[in-house]
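Structure, as C-alpha cells:
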Amino acid sequence: MKEVHIGGQAVLEGIMMKGPDRYALSVRKPDHEIEVTVTKYNSFGSKSPLLRIPIIRGVVNFIESLYIGVGTLMKSAEYDDSDEKYEQEWLDDKQKKIDSFRASGNEDKAVKLEKKVEKYKESVEKAKAKEKEKEGSGGYLVLTLIISLAFAIAVFMLLPTFVAGLLYKVTDSSLLVNLAEGVLRMMIFIGYVWLISMMEEIHRTFMYHGAEHKTINCMEAGVELTPENVMKHTRFHRRCGTSFLFIVMFISIIVFMFIRTKILWLRLVSRLLLIPVIAGISYEIIRYAGSHENWFARALSQPGFWVQRLTTREPDAEMCEVAIKSVEAVIDWREYINCVNNHSFEK
C-alpha cells in the first residue's frame, strides 16, 4: 500500500479520523455503545493539479478540514442527551402533580395540566424536527462555518491589529507595532485555549484529543492498535491542528513585518488578504515537520508540543477504543503497520 497520513479531530464524546477517501466519526453514546458513521469524500485537491501546488494545497486542505471538522462536531452534538434528561425530568414532575391532583379529587386541575404537558410535547417535537431539517442542509453547515471563521478572524487576527495600532500614538516604529501585534495575538490565542480548557466538557474533549494523537502515533510506530498499546504512546503529535494554528500565529508576525502602514483600514485589509498565504506557508511547515526526523523538524515541532500540553489530556482506555474504531473505518491499519515494520510502502 502507499504511505498515507491520516488526520483526526476530537469531538464531543468521540473522534473523527480522515483517511485518503473517507472520514469516520466514532462517538461513545449515552448507552455506552460506540456508533461509527463513515462518509466518503473526494478531496478538493484531487480535482486539479493546480490545487496540489505547494502553499495552494495548504489553503485547500485548511478549508476542507474546517468544513469536515465543523460538520462532524455538529453531528457529535446530536448524541448529547442532556436536553432529553431535562425534558424527561420536567415531564416526570408534571405527571406527579397530575396524579396528586387526581388523588385529591381535583380533576379540573389535572386536565388543565395534562393539556399543558401535551402542548409542551408538541412544541418540543416541532423544534426538534426543525433543528434536524436545518442540520441536514449543506447551507446550514456553510453558514455555521462562515460564522465560526468570522469570529476567529475578528478575535485572533483583526483585534490584535486594532489594539497594537494604538501604539502609533506613542511611537513611529512599524517594527515595534507589528511585533507588539504578534505578541498580543499569541497571548490571546494561548489565553483562549487555557480558558476553554477549564470547562468540564472541553476537558473531556481534550482527553479525546489525546486519544486521537496516541492512536495515530501507535499506528505510525508500527504497533498493533489495542487500547493497552495506544495508551503507552505520547499524546503529542507533530501534525496536530493546534501546532498548525501556533505556526500560523508565528508566521503572521514575520509576514506582517513587511506591511508598514499606519492607516488602520489598510492594515486590517492586508491581514485579511494575507490569511490564505500564511495558512499555506504554515501547512508546508507542518507537512515538513511531520515527515522528517532531523533536528530542524524536531525544533519546528517543539513549540506546538508546548501548546498541546493545553489542548490534550491523558485519555482513558475507553477513549482510545473510540479512536481505534475511527481508524479501522478509514484505513486497513494492520496492512499499514506491516508496511511500517517491513519498510515496504509503495513509491
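Things worth noting here:
- Screening the candidates Val27, Val70 for the property of being over 30 Å from Ile275 (Cα atoms) and touching a residue at least 24 places away in the same chain (Cβ under 8 Å) yields one hit, Val27.
- Count of the stretch 312-339 residues which are under 28 Å from Trp194 (Cα atoms), of a type outside the set (A, V, I, L, M) and out of contact with any strand residue (DSSP E or B) (no Cβ under 9 Å at 6 or more places or on another chain): 5
- The set of residues in the stretch 312-347 being over 24 Å from the mean Cα position of the chain (by Cα) and of a type in the set (S, T, N, Q) consists of Asn338, Asn341, Asn342, Ser344.
- Test: residue in the stretch 45-54 that is among the β-branched types (Val, Ile, Thr), in contact (Cβ under 8 Å) with a residue 12 or more places away in the chain and surrounded by 13 or more Cβ atoms within 10 Å (Cβ to Cβ): no
Here's the yes/no breakdown for (1) more than 20 Å from the chain's Cα centre (by Cα); (2) of a type outside the set (Lys, Arg); (3) within 15 Å of Glu321 (Cα to Cα); (4) modelled with pLDDT under 90:
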position	(1), (2), (3), (4)
Ala24	no, yes, yes, no
Pro30	yes, yes, no, yes
Ser48	yes, yes, no, yes
Ile63	no, yes, no, yes
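- The residues of the stretch 50-61 that are under 20 Å from the mean Cα position of the chain (by Cα) and within 17 Å of Asp21 (Cα to Cα), listed by number, are Arg57, Val60, Asn61.
- Any hit, the stretch 326-344, residues being among the acidic types (Asp, Glu), in a loop (DSSP other than H, G, I, E, B), at pLDDT 95 or above and under 28 Å from Phe206 (Cα atoms): no
- Lone qualifier among Glu64, Glu35 - being among the acidic types (Asp, Glu) and in a helix (DSSP H, G or I): Glu64
- Number of the exception - Val230 against (1) buried (at least 17 other Cβ atoms within 10 Å of the Cβ); (2) within 25 Å of Leu66 (Cα to Cα); (3) among the β-branched types (Val, Ile, Thr): (2)
- In the stretch 189-209 there is no residue that is over 24 Å from the mean Cα position of the chain (by Cα) and not in a helix (DSSP H, G or I).
- Answer residue from the stretch 99-127, given it is closer than 19 Å to Glu89 by Cα and among the hydrophobic types (A, V, I, L, M, F, W, C) and is farthest from the chain's Cα centre (by Cα) among those: Phe101
- Conditions (1) assigned to a helix (DSSP H, G or I); (2) at pLDDT 95 or above; (3) surrounded by fewer than 23 Cβ atoms within 10 Å (Cβ to Cβ); (4) in contact with a helix residue (DSSP H, G or I) (Cβ under 6 Å, 6 or more places away or on another chain); number of the one not met by Arg313: (1)
Rundown of residues vs (1) surrounded by 12 or more Cβ atoms within 10 Å (Cβ to Cβ); (2) modelled with pLDDT under 70; (3) within 30 Å of Ile6 (Cα to Cα), yes/no style:
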site	(1), (2), (3)
Ile68	yes, no, yes
Glu89	no, no, no
Lys112	yes, no, no
Val117	yes, no, no
Ala127	no, yes, no
Glu133	no, yes, no
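- Qualifying residue in the stretch 211-229 (condition: in contact with a Leu (Cβ under 8 Å, 6 or more places away or on another chain), part of a helix (DSSP H, G or I) and without any contact (Cβ under 8 Å) to a residue 40 or more places away in the chain): yes
The values are calculated or read from the model by the stated rules, or taken from the named source; none is laboratory data. Since we're looking at a predicted model, the values are computed, not measured. Using ideal geometry, Cβ is built from the backbone for each residue, glycine included, and neighbour counts are taken over all protein chains shown.
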